[in-house]
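Report on one structure; see the data block that follows.
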Amino acid sequence: MAEKILIIGACGQIGTELTEALAGIYGAANVLATDVRDSGTAPEVPYQKLDVLDEKGVFETIKRFKPDQIYHLAALLSATAEKNPKLGWQLNMDGLFYVLDAALEAGTRKVYWPSSIAAFGPNTPRHATPQYCVMDPNTVYGISKLAGERYAEYYFKRYGLDVRSLRYPGLIGWKSAPGGGTTDYAVAIYYDALQTGVHNCFLREDTELPMLYMPDAIRATLEIMHAPAEQIRIRSSYNLAGMSFDPATITASIAKHIPGFNSTYNPDFRQAIADSWPASIDDSHARNDWGWKPNFHLDAMTADMLLNLRSVKGVGAGA
Ligand code: SER
């Protein structure tokens, strides 16, 4: 019998693309996409409205659907959570506990839950940030991710729940919109390049951050979930890297395709968040344990983003 897959937060930046990928692997009928929104993003995939803060709803859904795998993606991201710190903590932590406890109760085989580079902090080594080092996050989002990592490992060790996790860098894709992160400028900049020819950046031009192109992020997620359990030696969350760049460098990469494209810089409250995060990540544990290897570097991503935004999404058409 085919495995059953539950996605929570299916309409977000990652959820939209992951739902499509999982439906392709397991068959749309074996996937249940859920989100707080009224309707889903993939018409062929069964959809149910579910608020992850609705404890009863989460337990009932998991008990009834009996998923073999759960992908729990619902979260408030860094910038949004700073605007509403109480809700950020509640949604990110209570939601995680409901899912972990309901998964245990229902005998779910595997749970995926994402962490982030936000789990690091100002005293973390900034370059080639190692898997194990000082982690002193100073955003609500980062604090919730670090706490969640500790609980992921706790549920694995104490209850044997097969929880797997990646510390995503900033994620960049053309199929779905980002939702309130500090790295979101690196998506908006492509739209601006095609629509207006200038990007007003909320970070300084030399703010280097780790980033990953969405096809690589989706592949990493599927690879860690499909790896034999004994290869997953880290049960908190794996460092994961693709590329690192600052706003000036991505602007130059785009200008190779769109001559004259330029960015202006007006840092806001997100600058302090970015300054507390790593500039680059050492992901050797992921490479060694389950064979991780990114495909996309900056220029290849830029070419692919511009091509797809133009030809599939029609961004900039007629401009
Ligand atoms: N992209 C996320 C954010 O900026 C990092 O996990 O919040």
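The values are calculated or read from the model by the stated rules, or taken from the named source; none is laboratory data. None of the values given here were measured: they were computed from a predicted structure. Cβ atoms come from the backbone with ideal geometry, glycine included; neighbour counts cover every protein chain shown.
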Can you say whether Ser276 is more than 30 Å from Ser165 (Cβ to Cβ) and surrounded by 18 or more Cβ atoms within 10 Å (Cβ to Cβ), as far as the supplied structure shows?
no
Kindly indicate which of Ala272, Ala241, Ala177 is touching a Leu at 6+ places or on another chain (Cβ under 9 Å), within 14 Å of the ligand (Cβ to nearest atom) and either of a type in the set (A, V, I, L, M) or over 22 Å from Ala119 (Cα atoms) (or both).
Ala241
Examine region 71-82 for a residue that is more than 16 Å from the ligand (Cβ to nearest atom), among the hydrophobic types (A, V, I, L, M, F, W, C) and closer than 26 Å to Ala23 by Cα, and state whether such a residue exists.
no
Out of everything in region 161-173 that is in contact with a Leu (Cβ under 9 Å, 6 or more places away or on another chain) and in a loop (DSSP other than H, G, I, E, B), what residue ends up being nearest to the ligand (Cβ to nearest atom)?
Pro169
Looking at this structure, is Leu104 over 20 Å from Lys86 (Cα atoms) and hydrophobic (A, V, I, L, M, F, W, C)?
yes
I'm told Thr182 meets every condition in (1) over 20 Å from the mean Cα position of the chain (by Cα); (2) near the ligand (Cβ under 9 Å from one of its atoms); (3) of a type in the set (Val, Ile, Thr) except one. Can you identify the failing condition by its number?
(1)
The residue from Ser244, Ser253, Ser176, Ser263 that alone is assigned to a loop (DSSP other than H, G, I, E, B), small (Gly, Ala, Ser) and in contact (Cβ under 8 Å) with a residue 12 or more places away in the chain is Ser176
Could you grab the pairs with beta carbons closer than 9 Å, sequence gap of 6+ or different chains, first residue in region 61-86 and over 24 Å from Thr221 (Cα atoms) and among the acidic types (Asp, Glu), second one within 14 Å of the ligand (Cβ to nearest atom) and part of a helix (DSSP H, G or I)?
Glu82/Gly88; Glu82/Val140; Glu82/Tyr141; Glu82/Arg270; Glu82/Ile273
Quick check on region 135-160: of everything there that is part of a helix (DSSP H, G or I) and of a type in the set (Asp, Glu), which residue is nearest to the ligand (Cβ to nearest atom)?
Glu149
Being part of a strand (DSSP E or B) and at pLDDT 95 or above narrows it down to one of Val99, Val111, so name that one.
Val111
Search region 108-134 for residues being of a type in the set (A, V, I, L, M, F, W, C) and away from the ligand (no atom under 15 Å from the Cβ), and hand back the single one that is surrounded by the fewest Cβ atoms within 10 Å (Cβ to Cβ).
Val134
